[in-house]
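The values are calculated or read from the model by the stated rules, or taken from the named source; none is laboratory data. Small disclaimer: the values here were computed from a predicted structure and weren't measured. All Cβ positions, glycine included, derive from the backbone under ideal geometry; neighbour counts span all protein chains shown.
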Amino acid sequence: MTVFDVEDAASLEPNLVGPVIRSGALAEAVIEAVADDNPGADVFVVDRDDYVRIHTAQTCRLTRASLELRLGRPLPLAALEMDMPSFAGRLRTRTEEYLWFYQS
Amino acid sequence: MLLNRDDWYDISRDLDWTLSYVDEEVAFPQCWTGKRAIPDEAWQAWDEPFRVSYRDYVRVQREKESGVKAVGDAMLRAGVYQKLDPAHVAAAHLHMGTTCMVEYMAVTMQSRFCRFAPTPRWRNLGVFGMLDETRHTQLDLRFSHDLLRFDPRFDWAQKAFHTNEWGVLAVKNFFDDIMLSSDCVEAALATSLTVEHGFTNIQFVALAADAMAAGDVNWSNLLSSIQTDEARHAQQGFPTLQVLMEHDPQRAQQAIDVAFWRSTRLFQTLTGPAMDYYTPLDQRKMSFKEFMLEWVVNHHERILADYGLSKPWYWDKFLHSLENGHHAMHLGLWFWRPTLFWKPNAGVSKAEREWLNEKYPTWEENWGGYWDQIIANINAGRMDLTLPETLPALCNVTQLPLGSAMSRHDLEPAVSVYEGRTYQFDSDISKWCFDLDPARYAGHMNVVDRFIAGQIQPMSLAGGLEWMGLTPDVMGDDAYGYRWAAEYAPAMAD
Ligand SMILES: [Fe+2]
Ligand SMILES: [Fe+2]
């Protein structure tokens, strides 16, 4: 797994899914947690200063356990919404896990 | 022990009752549900991507609110607004005047979901959407109220939709259609999916990034906080689309293709000029076209394909419009600046023009000549020639000027005759929208139709301005008082 910083989002492969988070500590923790929760997958990070795209190809998993570990404090996944103005792909929300994905 | 949300959610969201005192059709009339021939059982497949409980909702929204309030108060104390670039602040005036009351219209639309949506799961989520949109209206009003002492244009957050300002009428026309008059199914396709999932990101996330770079922390933070609600409640559109793709895919495709074009035209009017002309050059993150490629072409279209939808039939024309439409709209907005309630920046200094040509290789060929003439008139002291004497002919669907959708070469008329009246359009795509459902648009008179019919008196530009509610304290003029044109003056050229 590698975390890639990408400038030109248009050149990326079209199957990327995952959250868009307002810049800050939460975004940093989400990048690390997504890397933890998607072993073997490359994590593409597009940093537009005010917002950060954090994406993997086809499916992107984020668990509460990884997020809290990387953030260093308890945070229910529902609270992710506070700093998530958008996300790419379909979404499935459960208490312990959010999953972004495409079916095809 | 407290139950985990996942344990009780499936039961709670199906809470419904069997009607015994009234007929189903009376309690849930077709005209509001929009179910048509879709069987009742089909809605059992409606499964919301973004789960919400009232408990979580209140906790999260409370945090969002205190965050926005804290940032707003700090920025007010620091006097940030007074230090902003005058070109940039026009984007905030434009936003508050054209968007605040759309948020309020969205309250009504979400309330319709709460009451009439074809499944209790959706009705449940409509409650949160309704509270979200109430929050957005109130945030815009508070923001504008706080800044009213610095600029009377913020009064237009509340006032605009009670005037006949032509741009406001164009916005209102679209949202009257897809928010106030649409049944639940169509509103989900046109508003939740197309506007909220597709296009609002351009204004509330991408333009927010520009605004942050321009130092407008308060407005930027307000926009992206609003969009965190939009990202959640826009998801009401996807399970509805899923049901439609099973039972009536053609209706889904058509409703989305119409809304997609109308949204394109609207955001070319609101966001395009704000990004490519009003945002100071060194603070621009990307061009409007680049943001549209990121957010609409990639982010939004990819998920529609995942549900089995095709790109609109007019895709190539859309891409051509993406190169041109907002430049045409900007030129028109600036030229007809007395008809605006904000001060547009021309944005064509030599450095800005170089940037435009780099981002849009056909810019000079299409728009440079018009601006050269305007610049020559300014430098010759002939301000009268830079100002309009008449009004432009308007499209009977988008309400935007004819000739403002494509390049300057694409001017072939698009016309339909319906029940004896001739209707004109800004493109054959708008004509296609009209021809699909003429009764929906027919009879409406745009600003110029009313002018010609003698409803606006006196029949002069001054009469038009008065009718539009434009007073001298808010009337548009060049953001920098034409100082940018001096570098083109002959004396400076050599
Ligand atoms: Fe909203
Ligand atoms: Fe909304």
remark   = Listed by first then second residue, the pairs whose first member lies in region B:306-319 and is within 14 Å of chain A (Cβ to nearest Cβ), whose partner is at pLDDT 95 or above and part of a loop (DSSP other than H, G, I, E, B), with beta carbons under 7 Å and at least 6 positions apart or on separate chains, are B:Asp306/A:Tyr102; B:Asp306/A:Gln103
note = Checking A:Val43, A:Val30, A:Val3, A:Val20 in turn, the sole residue that is modelled with pLDDT under 95 and in contact with a strand residue (DSSP E or B) (Cβ under 7 Å, 6 or more places away or on another chain) turns out to be A:Val3
inquiry  = Here is a check on your reading of the model: is B:Arg262 away from ligand 2 (no atom under 16 Å from the Cβ), at pLDDT 95 or above and closer than 24 Å to B:Leu322 by Cα?
reply    = yes
task = Could you grab me the full set of residues in region B:181-209 that are over 18 Å from B:Lys285 (Cα atoms) and within 11 Å of chain A (Cβ to nearest Cβ)?
result = B:Glu196, B:His197, B:Gly198
query = Does B:Gly308 satisfy being small (Gly, Ala, Ser), under 27 Å from B:Leu394 (Cβ atoms) and away from ligand 2 (no atom under 16 Å from the Cβ)?
reply = no
Identity of the residue in region B:120-138, within 13 Å of ligand 1 (Cβ to nearest atom) and away from chain A (no Cβ under 14 Å), that ends up nearest to B:Tyr277 (Cα to Cα) = B:Thr137
task = Please indicate, with yes or no, whether at least one residue in region B:405-413 is crowded, with 18+ Cβ neighbours inside 10 Å and within 20 Å of the chain's Cα centre (by Cα).
result = yes
query = In region B:227-239, what count of residues is obtained for those that are more than 21 Å from the chain's Cα centre (by Cα) and within 15 Å of ligand 2 (Cβ to nearest atom)?
reply = 0
inquiry  = Which condition from (1) surrounded by fewer than 21 Cβ atoms within 10 Å (Cβ to Cβ); (2) more than 18 Å from the chain's Cα centre (by Cα); (3) of a type in the set (Phe, Trp, Tyr) is the one that B:Trp122 breaks?
reply    = (1)
request  = Could you tell me which of the residues B:Asp183, B:Asp248, B:Asp177 is under 14 Å from the mean Cα position of the chain (by Cα), surrounded by fewer than 24 Cβ atoms within 10 Å (Cβ to Cβ), away from ligand 1 (no atom under 14 Å from the Cβ) and charged (D, E, K, R)?
outcome  = B:Asp177
task = Could you figure out which of (1) under 29 Å from B:Asp282 (Cα atoms); (2) at pLDDT 95 or above isn't true of B:Ile178?
result = (1)
request  = Would you mind finding the one in A:Glu13, A:Glu32 that is within 14 Å of another protein chain (Cβ to nearest Cβ), farther than 13 Å from A:Ser86 by Cβ and either acidic (Asp, Glu) or in contact with a helix residue (DSSP H, G or I) (Cβ under 9 Å, 6 or more places away or on another chain) (or both)?
outcome  = A:Glu13
message = It is to be established whether one or more residues within region B:257-267 are within 16 Å of ligand 1 (Cβ to nearest atom), within 14 Å of chain A (Cβ to nearest Cβ) and among the hydrophobic types (A, V, I, L, M, F, W, C).
response = no
Top-ranked residue of region A:77-104 - restricted to ones that are more than 7 Å from chain B (Cβ to nearest Cβ) and surrounded by fewer than 21 Cβ atoms within 10 Å (Cβ to Cβ), ranked as farthest from B:Val205 (Cα to Cα) = A:Glu96
request  = Could you tell me which residue of region B:230-245 is farthest from B:Glu48 (Cα to Cα), considering only residues that are within 16 Å of ligand 1 (Cβ to nearest atom) and facing another protein chain (nearest Cβ under 8 Å)?
outcome  = B:Glu230
task = Filter region B:474-494 for residues that are in a loop (DSSP other than H, G, I, E, B), farther than 18 Å from B:Asn164 by Cβ and in contact (Cβ under 8 Å) with a residue 60 or more places away in the chain and give the result.
result = B:Asp477, B:Asp478, B:Ala479, B:Tyr480, B:Tyr482, B:Ala489
task = Could you tell me which residue of region B:449-477 is surrounded by the fewest Cβ atoms within 10 Å (Cβ to Cβ), considering only residues that are among the hydrophobic types (A, V, I, L, M, F, W, C) and under 22 Å from the mean Cα position of the chain (by Cα)?
result = B:Met475
task = Can you run down the residue pairs with Cβ atoms below 6 Å, 6 or more apart or on separate chains, where the first is in region B:99-119 and within 11 Å of ligand 1 (Cβ to nearest atom) and the partner is β-branched (Val, Ile, Thr)?
result = B:Glu103/B:Thr137; B:Tyr104/B:Thr137; B:Val107/B:Thr134
inquiry  = Given the condition within 11 Å of ligand 1 (Cβ to nearest atom), within 8 Å of chain A (Cβ to nearest Cβ) and of a type in the set (S, T, N, Q), answer yes or no: does some residue in region B:210-222 qualify?
reply    = no
task = Need at least 1 residues that are within 14 Å of another protein chain (Cβ to nearest Cβ) per element, so show me which helices (runs of 4 or more DSSP H) inside region B:1-96 make the cut, counting only ones lying wholly within it.
result = B:5-12, B:54-77
ask   = Is at least one residue of region B:272-293 under 22 Å from B:Leu322 (Cβ atoms), surrounded by fewer than 24 Cβ atoms within 10 Å (Cβ to Cβ), within 14 Å of chain A (Cβ to nearest Cβ) and free of Cβ contacts under 8 Å to residues at least 40 places away in the same chain?
value = yes
ask   = With B:Leu189, B:Leu139 as the choices, which residue is modelled with pLDDT of 95 or more and under 25 Å from B:His88 (Cβ atoms)?
value = B:Leu139
key: Qualifying positions in region B:41-52 - surrounded by fewer than 18 Cβ atoms within 10 Å (Cβ to Cβ) and either within 22 Å of B:Val127 (Cβ to Cβ) or touching a Cys at 6+ places or on another chain (Cβ under 7 Å) (or both)   = B:Gln44, B:Ala45, B:Asp47
Index of the failed condition, B:Ala160 passing every other in (1) among the aliphatic types (A, V, I, L, M); (2) away from chain A (no Cβ under 14 Å); (3) within 16 Å of ligand 1 (Cβ to nearest atom) = (3)
